[in-house]
Amino acid sequence: MDTRDVFDTSYFPYCNGALFCEGVSLEKLADEYKTPLYVTSRNSLVGQYRAFEQAFSELDHFTCFSVKANFNIHVIKALADEGCGCDVNSGGELYRALQAGVSPEKIIMAGVGKTASDIEYALRTGILMLKAESLSELRLINEIAVRSGLAARVGIRVNPNVTAETHPYITTGDSKEKFGIDETDLGEVFTLLRGMNGVELTAIDMHIGSQIFDRDFYQAAAEKLLDVLAAARSAGFDIRYFDIGGGFPVTYEPQKPAPPVEYFASILVPLLEKTGTTVIFEPGRFIAANSTVLLTRVIYRKHNHTGKEFVIVDAGMTELIRPALYQSHHEIVPLRQHGSTMVADIVGPVCESGDFFARARTIDAVNEGELLAIFSAGAYCSVMSSNYNGRLRPAEVMVDGERATLIRKRDTYEQLVQNEMF
Ligand code: LLP
């Protein structure tokens, strides 16, 4: 399997001119469950997790799927069944991971603004660790742990001040950003921790961003983290975990292929095996992005006097906001292959000019009523959906071979108002 291919024909093949997910016709799924509809290939999801595990097999490590990429409990469960843990960012994501059946000792919690109730919930549940991002948060964790008599295992998330080259909204390891504890504060952190009764420091942690193509950024940040590990150990702390976060890239455009995960492993394994710790990884996008397509139907076509052609579809930025927010590219293909092409803007029904999936894109000349598949829709897509414009969050289906299972029902109008009915 080529883990880099956006159109992975082993999971999304064309059979007699019609697009399938594994052994199931996507046209049939769209007819049965209506559109917009997310369809996930279970074997792609699990295959990516296995590919990741294979690349790091020589290293003592533990992989926690970053649930913020895709928090559907059936997605989490498919990965948990393979032995994968979870990285959560809030009480809500922790609840989802627990509902999916993940055991607490396989869950870690990040987040720059954890509230007292997030912390209490995590400690009561007995998760593997909380990753603290400020001195104030460490004080609060300690206070809650002492008050409730619960053990608090913590990692400190370090801001290594490495600016990974990616979209500015998803770079997190730079001192300009809100994430992590500044390197220069670490002496104070160790002093503070030595005086605390409720907190046990077990991990050093970082996460420098997402969709990072160049391994040099990982190397630079991990080297800084190795210095922090040495300093923590000489300050007397028993550090058992070395968490380097997520950020491993995927291919969204065939013309811009992401390097394979082995490219990162070949530099990280020799560097990290020296730590004498269990290394934790938190991939989200790498595992989920290319496992899923968003199916949408063309409602109208129109053109204007400038020669511009619009394809108006029934999905919008409310279902998949990445092009609007990060100008990200998603491949779009018709479920039935055509001979001819056209240049068009593919846009949604939402009242925003930013509601587009592609601009001036050459695509197959699709007609009104036809179905399209938007690729790479498994990470940061459904999870970022909203009810803006009174839209209903879409249904989700998971395919495993010849079997398709509904894993999320479409919202209903009643749900749109239920929290306002007293
Ligand atoms: N760990 C932490 C602490 C994180 O904040 C993140 C992502 C991850 C792991 C997983 O990163 P990944 O392996 O997926 O790159 N909405 C944006 C991405 C935001 C990423 C936030 N943090 C997008 O659609 O591109």
(request) Quick one: in the stretch 197-234, of everything that is in a loop (DSSP other than H, G, I, E, B) and in contact with a strand residue (DSSP E or B) (Cβ under 9 Å, 6 or more places away or on another chain), which residue is most open to solvent (accessible area, probe 1.4 Å)? (result) HIS207
(message) For the list (1) assigned to a loop (DSSP other than H, G, I, E, B); (2) farther than 23 Å from ASN159 by Cβ, I need the number of the one condition that PRO270 fails.
(response) (1)
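Conditions tested, residue by residue: (1) of a type in the set (Val, Ile, Thr); (2) not in a helix (DSSP H, G or I).
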| residue | (1), (2) |
| --- | --- |
| TYR11 | no, yes |
| PHE20 | no, yes |
| LYS28 | no, no |
| ILE76 | yes, no |
| LEU79 | no, no |
| LEU94 | no, no |
| GLU105 | no, no |
| GLY113 | no, yes |
(message) Only one of SER66, SER103, SER57, SER117 is among the hydroxyl-bearing types (Ser, Thr, Tyr) and more than 18 Å from THR278 (Cβ to Cβ). Can you tell me which?
(response) SER117
(message) Looking at the stretch 181-191, can you tell me whether even one residue there is more than 11 Å from the ligand (Cβ to nearest atom) and in a loop (DSSP other than H, G, I, E, B)?
(response) no
(request) Identify all residues within the stretch 312-328 that are in contact (Cβ under 8 Å) with a residue 40 or more places away in the chain and either outside the structural domain of PRO349 (by TED's automatic domain parsing) or in contact with a strand residue (DSSP E or B) (Cβ under 6 Å, 6 or more places away or on another chain) (or both); write none if there are none. (result) VAL313, ASP314, ALA315, LEU320
(request) For ALA164, indicate whether it is at pLDDT below 95 and among the aliphatic types (A, V, I, L, M). (result) yes
(request) Evaluate the stretch 369-384: report whether one residue or more is farther than 15 Å from VAL293 by Cα and more than 16 Å from the ligand (Cβ to nearest atom). (result) yes
(message) If a residue must be out of contact with any Leu (no Cβ under 8 Å at 6 or more places or on another chain), open to solvent by less than 30 Å² (accessible area, probe 1.4 Å), small (Gly, Ala, Ser) and assigned to a loop (DSSP other than H, G, I, E, B), how many such residues does the stretch 306-353 contain?
(response) 3
(message) Looking only at the stretch 145-157, filter to residues that are within 10 Å of VAL199 (Cα to Cα) and not small (Gly, Ala, Ser); which one of those is farthest from the ligand (Cβ to nearest atom)?
(response) VAL146
(request) Only residues that are within 11 Å of the ligand (Cβ to nearest atom), open to solvent by less than 20 Å² (accessible area, probe 1.4 Å) and touching a residue at least 60 places away in the same chain (Cβ under 8 Å): list them for the stretch 158-174, please. (result) ALA164
(request) Assess whether LYS178 counts as being of a type in the set (Lys, Arg), assigned by TED's automatic domain parsing to the domain that holds ARG215, within 12 Å of the ligand (Cβ to nearest atom) and open to solvent by less than 10 Å² (accessible area, probe 1.4 Å). (result) no
(message) If ILE73 meets every condition in (1) touching a strand residue (DSSP E or B) at 6+ places or on another chain (Cβ under 9 Å); (2) in the same structural domain as ILE141 (by TED's automatic domain parsing) apart from one, which number is that one?
(response) (2)
(request) Could you list, in sequence order, all residues of the stretch 8-35 that are at pLDDT below 90 and crowded, with 17+ Cβ neighbours inside 10 Å? (result) ASP8
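This table checks each residue for (1) open to solvent by less than 20 Å² (accessible area, probe 1.4 Å); (2) over 19 Å from TYR241 (Cα atoms).
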position	(1), (2)
GLU262	no, yes
LYS274	no, no
GLU282	yes, no
PHE286	yes, yes
SER291	yes, yes
TYR300	no, yes
HIS303	no, yes
(message) Give me the residue from the stretch 106-137 that is among the small types (Gly, Ala, Ser) and either away from the ligand (no atom under 15 Å from the Cβ) or more than 20 Å from the chain's Cα centre (by Cα) (or both) and, out of that set, farthest from ILE204 (Cα to Cα).
(response) SER117
(message) What's the number of the only condition in (1) open to solvent by less than 40 Å² (accessible area, probe 1.4 Å); (2) over 21 Å from LEU130 (Cα atoms); (3) assigned to a loop (DSSP other than H, G, I, E, B) that GLU58 fails to meet?
(response) (1)
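The values are calculated or read from the model by the stated rules, or taken from the named source; none is laboratory data. What you are looking at is a predicted structure, and each value in this text was computed from that prediction instead of being measured. Note that each Cβ is placed from the backbone with ideal geometry, even for glycine, and that neighbours are counted across all protein chains shown. To get the accessible areas, we keep the full protein, side chains included, count just its heavy atoms, and leave off ligands, DNA and RNA. Shrake-Rupley method; radii C 1.70, N 1.55, O 1.52, S 1.80 Å.
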